[in-house]
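S.K.: Take a look at this one; I'll ask things after.
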Amino acid sequence: MTNDSRHHPPGKVPAQSHDPKETDVWDALPLGASLGLNLLAASPDCVKLLDLDGNIQFMNQNGLALVEVDDFRDMQGKPWVDLWPAEYEQFVQTAMDEAKASRVGRFTAFAFTGKGTPKWWDVVVSGIKYDGEAVSGLLAVSRDVTRQKQIEDSFRIGEQRFRALADNIAQFAWMADTTGYLYWYNQRWFDYTGTDLSEMAGSGWKKVHHPAHVDRVNAKFQNCIDNGLVWEDTFPLRGADGNYRWFLSRAMPIRDDNGNVALWCGTNTDITEQRKASQRLSQLARLIELSHEAILVWDPEDGVLLWNRGCVEMFGYTEGEALNSDSYKLLQTSNTLSREEMLAAVEAGGQWSGEVLRRAKDGSEVWTDCRLELIRVGDNRVVLETNRDVSERRRADTVRNVLIAELNHRVKNTLAIVQSLATQTARTSASMDEFVQSFTGRIQSLSMAHNVLTDTNWSNASVYDLVKSQVDMSAALGDRVTIGGPEAFLAPQPALQLTLILHELATNAVEHGALSGSNGRVSVTWEMVSNVSDAGLVDAAASPRLRIVWRETEVGGVVAPPRKGFGLNLIERSGHLPHIKTRFEFHDDGICCEIITNLDLPTASNQPFFNPGKSAGRASGSL
Amino acid sequence: MLNGLKILVLEDNLVIAMDVELLLQDCGADVVETVSTASAALAKLADFSPDVAVLDINLDSGTSLPVAEALLERGIPFIFATGYSDPSMLPEAFAHIDILPKPFEASALERALSEAFQRRKAQS
């Protein structure tokens, strides 16, 4: 249609439609009006010619496109007012009336296009005077203002949304102009401070600042405003109740299209609780740091994160050496679960505890009562580990166990000796009475030797005490029994052996020897002898020994018994033991028994009574 | 049960040693040699080859383990006798050796020695 070759009357701009009816309208108009209308027809707006009754005579091509009508004939001659929804009919009517009265009618209204598209229209209606006399037609120009209307609406909605947002966010919000003059605060600010805009505008905010902070805060704020820098600060603000709370505050410059600061937007966030929590945490961290318990925090992936003083003291590694290391490996943890098993147990149960063996930096062993607790920090999990040194207790346990084992051993050994004594006593006893008497006597002598040894904590026994415990020194015997010798001590085993021998000698003396009659005498004497070898030979290298002589005198009719009893057997056999020699002789006036045994010398390095390595060692300083 | 056997006894307590000696003789042992130290036992083994032996583990000085090793080497069966209830201190090499806890009954000693002897006899 645009390459229409038809000739148009001079001065007429060809309409964009070559609809014959449209052309007729143009042709019918006087030249001047026709020219003006041509201009209007080229307008991007919807241009309509109405007759005085308000019926549509003409609509330009752009207009048809705007109202989405394909064929003008569908509209031609129809009342314009019919195109509008009922609620706007009055607007239309009034505007047309104005135009007929040579004034300009205006209204903004909403209508659907021919295809149902909702549009807003800004409409101007004026009268047309063809002859310069009376208004003979109406010109209605409708501008599609839908887009502007939407923008306006969105601005209006945006403003509402902004206010809703600003008043409902947890933070305080405010705006300031380029000089730092605050001209808007959100509702929360007013609610918290109990103020209003008239008080707060400009620098009114200083009223709710703490006197000790306000100058510092103001100086920094002004500096940021003056230099266009992002402002951030932390300070207390007074609430309506008079109490201060702490706020983290920020302000950002908002710039226009040219990059110039247009305004400042600021917020204040209440961090009072965080401050308290972080103060508590730092106090806690300080306590942990000062604790003598070894406390560490480790991340299963990143290793040690915290290593307190207690750890340094207990394990010897400095914080620098421990941080980021795998503490399980660093401390050579053993005697417990593997690291993976330990971690799995902690993750399953939230905690784990047990006694573990660690190795300090200097190589020493440290037993700790170790407790692990899983702590979740956001998506991360870390392990809080505390260690109490239980090495001392474990050492004490070990010593106690050794002592109990030794005691057990000693008791069993003693019982074995008692049993053997019983068996052998029974072999040589003619009657139960004899057995009971002999056995009781032997047990009694053993028991007394134990008493003597117990007095010195089983370190050694005084020879004098041993002899006195076995020989009847009762006053009834007067001077028939004499004992004497220097102060001397025997180790437990020789002491027990000597006791058994002395008991057999004493029993024999009472039953068959010196003390069986009324005249015999017993002397028990001892001395230190040097230079005597095991074989009884002079040996300069030999250490001093004890020589005890049991001598009975003034005994008549001494004869060797036909059969060796237990006592004589014991005495003779004792001579085959290491470190003890015995000699037994029958003299005419009584028996003589010589016993040579090793002394327990306080300066010598004595064999401990118990098996070395299993014993806590002998008591020292008992002399 | 121990008829005609030659037996070595390593026991440092004389009273017990004397008792064991008599006891073994009662059971028919032919020869009973008693020693009270490990060194005496090793010396004794130079000219005495026992059929079976009983060793007290803890001696007044040291233990009988060197003697036990010598007996193992020679293939001589033996048993341990001890007042210790915890045999874990024994080296692995002696794990198969019977331990007779002290104090023991005569019949227990006889049975243990007899079994040790019979077992060795069956092996060879």
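S.K.: State all residues of segment A:83-99 that are of a type in the set (Val, Ile, Thr) and open to solvent by less than 20 Å² (accessible area, probe 1.4 Å); if no residue qualifies, say none.
M.R.: Correct list: A:Val92 only.
S.K.: Right, next: Could you please find all residues in segment B:33-55 being away from chain A (no Cβ under 12 Å), under 24 Å from B:Met89 (Cβ atoms) and touching an Asp or Glu at 6+ places or on another chain (Cβ under 8 Å)?
M.R.: Selection gives B:Val54 alone.
Here is a yes/no grid of residues against (1) crowded, with 19+ Cβ neighbours inside 10 Å; (2) of a type in the set (Val, Ile, Thr); (3) modelled with pLDDT of 90 or more; (4) part of a helix (DSSP H, G or I):
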{"residue": "A:Ala535", "(1), (2), (3), (4)": "no, no, no, no"}
{"residue": "A:Ala540", "(1), (2), (3), (4)": "no, no, no, no"}
{"residue": "A:Leu546", "(1), (2), (3), (4)": "yes, no, yes, no"}
{"residue": "A:Trp550", "(1), (2), (3), (4)": "yes, no, yes, no"}
{"residue": "A:Gly556", "(1), (2), (3), (4)": "no, no, no, no"}
{"residue": "A:Ile571", "(1), (2), (3), (4)": "yes, yes, yes, yes"}
{"residue": "A:Leu577", "(1), (2), (3), (4)": "yes, no, no, no"}
{"residue": "A:Arg583", "(1), (2), (3), (4)": "no, no, yes, no"}
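S.K.: Same structure again: Could you list, ordered by first residue, the pairs with Cβ atoms under 7 Å in which the first is in segment A:382-393 and open to solvent by 20 Å² or more (accessible area, probe 1.4 Å) and the second is part of a loop (DSSP other than H, G, I, E, B), at least 6 apart or interchain?
M.R.: Partner pairs satisfying both residue conditions: A:Thr386/A:Glu293; A:Arg388/A:Glu293.
S.K.: Let me ask something else about it. Report, by residue number, each residue of segment A:192-203 that is outside any helix (DSSP H, G or I) and among the hydrophobic types (A, V, I, L, M, F, W, C).
M.R.: The answer is A:Ala201, and nothing else.
S.K.: Among the listed residues A:Asp74, A:Asp153, A:Asp122, which satisfies the condition of being surrounded by fewer than 18 Cβ atoms within 10 Å (Cβ to Cβ) and within 20 Å of A:Asp51 (Cα to Cα)?
M.R.: Just a single option satisfies the conditions, and that option is A:Asp74.
S.K.: Pairs please, first residue from segment B:106-124 and surrounded by 19 or more Cβ atoms within 10 Å (Cβ to Cβ), second anywhere and among the β-branched types (Val, Ile, Thr) and part of a helix (DSSP H, G or I), Cβ atoms under 9 Å, 6+ apart in sequence or on different chains.
M.R.: Close Cβ pairs (under 9 Å, with a partner that is among the β-branched types (Val, Ile, Thr) and part of a helix (DSSP H, G or I)) amount to B:Leu109/B:Val20.
S.K.: Mind telling me which of the residues A:Glu87, A:Glu68, A:Glu98, A:Glu133 ends up being in contact (Cβ under 8 Å) with a residue 24 or more places away in the chain, of a type in the set (Asp, Glu) and farther than 20 Å from A:Ser43 by Cβ?
M.R.: Going through A:Glu87, A:Glu68, A:Glu98, A:Glu133 in turn, just one is in contact (Cβ under 8 Å) with a residue 24 or more places away in the chain, of a type in the set (Asp, Glu) and farther than 20 Å from A:Ser43 by Cβ: A:Glu98.
S.K.: Let me ask another. For segment B:56-97, which residues satisfy the criterion of being in a loop (DSSP other than H, G, I, E, B) and within 12 Å of chain A (Cβ to nearest Cβ)?
M.R.: B:Ile57, B:Leu59, B:Asp60, B:Ser61, B:Gly62, B:Ser64, B:Gly83, B:Tyr84, B:Ser85, B:Asp86
S.K.: Identify, from the list B:Leu23, B:Leu100, the residue that is over 19 Å from A:Arg573 (Cα atoms), at pLDDT 90 or above, within 12 Å of chain A (Cβ to nearest Cβ) and under 14 Å from the mean Cα position of the chain (by Cα).
M.R.: Being over 19 Å from A:Arg573 (Cα atoms), at pLDDT 90 or above, within 12 Å of chain A (Cβ to nearest Cβ) and under 14 Å from the mean Cα position of the chain (by Cα) holds for just one of B:Leu23, B:Leu100, which is B:Leu100.
S.K.: A:His409 is checked against (1) touching a strand residue (DSSP E or B) at 6+ places or on another chain (Cβ under 9 Å); (2) more than 14 Å from every other protein chain (Cβ to nearest Cβ); (3) farther than 23 Å from A:Ala285 by Cβ and fails just one. What number does that condition carry?
M.R.: Going through the list (1) touching a strand residue (DSSP E or B) at 6+ places or on another chain (Cβ under 9 Å); (2) more than 14 Å from every other protein chain (Cβ to nearest Cβ); (3) farther than 23 Å from A:Ala285 by Cβ, A:His409 breaks only (2).
S.K.: Check whether at least one residue in segment A:427-435 is open to solvent by less than 30 Å² (accessible area, probe 1.4 Å) and not polar (S, T, N, Q), and report yes or no.
M.R.: No, because not a single residue in segment A:427-435 is open to solvent by less than 30 Å² (accessible area, probe 1.4 Å) and not polar (S, T, N, Q).
S.K.: For A:Ala461, indicate whether it is touching a helix residue (DSSP H, G or I) at 6+ places or on another chain (Cβ under 9 Å), open to solvent by less than 10 Å² (accessible area, probe 1.4 Å), under 23 Å from A:Glu594 (Cβ atoms) and within 14 Å of chain B (Cβ to nearest Cβ).
M.R.: The answer is no for A:Ala461.
S.K.: Residue by residue through segment A:278-333, note down the ones that are without any contact (Cβ under 8 Å) to a residue 12 or more places away in the chain and of a type in the set (Val, Ile, Thr).
M.R.: Of everything in segment A:278-333, those that are without any contact (Cβ under 8 Å) to a residue 12 or more places away in the chain and of a type in the set (Val, Ile, Thr) turn out to be A:Val312, A:Thr318.
S.K.: Moving on to the next point. With (1) more than 18 Å from A:Leu182 (Cβ to Cβ); (2) part of a helix (DSSP H, G or I) as the list, and A:Lys206 as the residue in question, which single condition is left unmet?
M.R.: With respect to (1) more than 18 Å from A:Leu182 (Cβ to Cβ); (2) part of a helix (DSSP H, G or I), A:Lys206 is out only on (1).
S.K.: Now for a separate question. Give the residue that is surrounded by the most Cβ atoms within 10 Å (Cβ to Cβ), with candidates limited to residues of segment A:279-329 that are out of contact with any Leu (no Cβ under 9 Å at 6 or more places or on another chain) and among the β-branched types (Val, Ile, Thr).
M.R.: Within segment A:279-329, the match that is surrounded by the most Cβ atoms within 10 Å (Cβ to Cβ) is A:Val312.
S.K.: If we keep just the residues of segment B:11-55 that are assigned to a helix (DSSP H, G or I) and of a type in the set (Asp, Glu), which is least open to solvent (accessible area, probe 1.4 Å)?
M.R.: Filtering segment B:11-55 for residues that are assigned to a helix (DSSP H, G or I) and of a type in the set (Asp, Glu), the one least open to solvent (accessible area, probe 1.4 Å) comes out as B:Asp19.
To keep it simple, each residue is scored yes or no on (1) closer than 25 Å to A:His292 by Cα; (2) more than 53 Å from the chain's Cα centre (by Cα).
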site	(1), (2)
A:Glu341	no, no
A:Trp352	yes, no
A:Val366	yes, no
A:Asn401	no, no
A:Thr423	no, yes
A:Ala430	no, yes
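S.K.: Select, from A:Ser420, A:Ser325, A:Ser391, the only residue that is among the small types (Gly, Ala, Ser), over 30 Å from B:Asn13 (Cβ atoms) and either within 14 Å of chain B (Cβ to nearest Cβ) or out of contact with any Ser or Thr (no Cβ under 9 Å at 6 or more places or on another chain) (or both).
M.R.: A:Ser325
The values are calculated or read from the model by the stated rules, or taken from the named source; none is laboratory data. This is a predicted model, so every value here is computed, not measured. In this analysis, Cβ positions are derived from the backbone assuming ideal geometry, glycine residues included, and neighbour counts consider all displayed protein chains. To get the accessible areas, we keep the full protein, side chains included, count just its heavy atoms, and leave off ligands, DNA and RNA. Shrake-Rupley method; radii C 1.70, N 1.55, O 1.52, S 1.80 Å.
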